[in-house]
Amino acid sequence: MARLVKAPISIVFSLASINEEEFDREYHKLSQTDDDPISQWLKLAKARGETADSDPILLQLLVELHRKVDALEMLIKNEKPKRVSLMYEAHIESIGFEHLNLKEELLEKGELYYGRVSMPVHPKRDVAIFFQAESKTLAKIVKIHERDEKEWASYMTARERVLIRELKERKK
């Protein structure tokens with residue numbers, strides 16, 4: 001059995017076989033969040049050596065601020081990012097390094113699913129995953145981008161620390 005920790009996050013998902021090509025396209029698109037215009041400019045500036053004297057953290061914060069302005073502009077114009085429509089919306093009860101456990105029994109054992117998890121990380125974003133149901137609630141992540149996998153593991157570790165602190169405080 002996988003080691004799981006409580007994690008209050010949400011997921012939207014569908015059976016992968018319903019629209020495999022579109023799901024795969026979105027999966028790759030969501031992994032390339034650095035492909036917005038400001039990130040393209042920053043990559044070119046780094047390649048030319050123009051950022052050598054810049055503080056990398058400050059530069060990253062500036063890029064994120066620019067993205068927030070872009071997001072506000074989209075909100076004002078009532079525009080939404082184009083995402084593939086998914087059938088189910090659920091709460092994740094707990095996560096492991098390679099697993100997630102839903103609160104509701106929505107999965108069919110052995111089926112492959114595509115989903116987007118709303119990760120509460122900075123910058124806040126959706127992580128695209130493919131997962132296979134091991135039971136009606138438990139699933140194993142079978143495909144996740146490397147950067148997203150690192151953020152998933154970091155989030156799980158952070159949740160573990162929070163739960164450990166809560167246990168220590170209850171014992172006092």
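Things worth noting here:
- Qualifying position, being among the acidic types (Asp, Glu), over 23 Å from the mean Cα position of the chain (by Cα) and surrounded by 11 or more Cβ atoms within 10 Å (Cβ to Cβ), among GLU26, GLU50: GLU50
- Residue check, ILE57 among the hydrophobic types (A, V, I, L, M, F, W, C), within 30 Å of ILE164 (Cβ to Cβ) and either more than 21 Å from the chain's Cα centre (by Cα) or at pLDDT below 85 (or both): yes
- Flag if GLU73 is among the charged types (D, E, K, R), without any contact (Cβ under 8 Å) to a residue 40 or more places away in the chain, loosely packed, with under 11 Cβ neighbours inside 10 Å and over 30 Å from VAL162 (Cβ atoms): yes
- LEU59 meets each of the listed conditions (1) out of contact with any Phe, Trp or Tyr (no Cβ under 7 Å at 6 or more places or on another chain); (2) surrounded by 12 or more Cβ atoms within 10 Å (Cβ to Cβ); (3) part of a loop (DSSP other than H, G, I, E, B); (4) not acidic (Asp, Glu) apart from (3).
The values are calculated or read from the model by the stated rules, or taken from the named source; none is laboratory data. The structure displayed is predicted, hence computed values, not measured ones. Ideal geometry is used to build each Cβ from the backbone, glycine not excepted, and the neighbour counts take in all protein chains shown.
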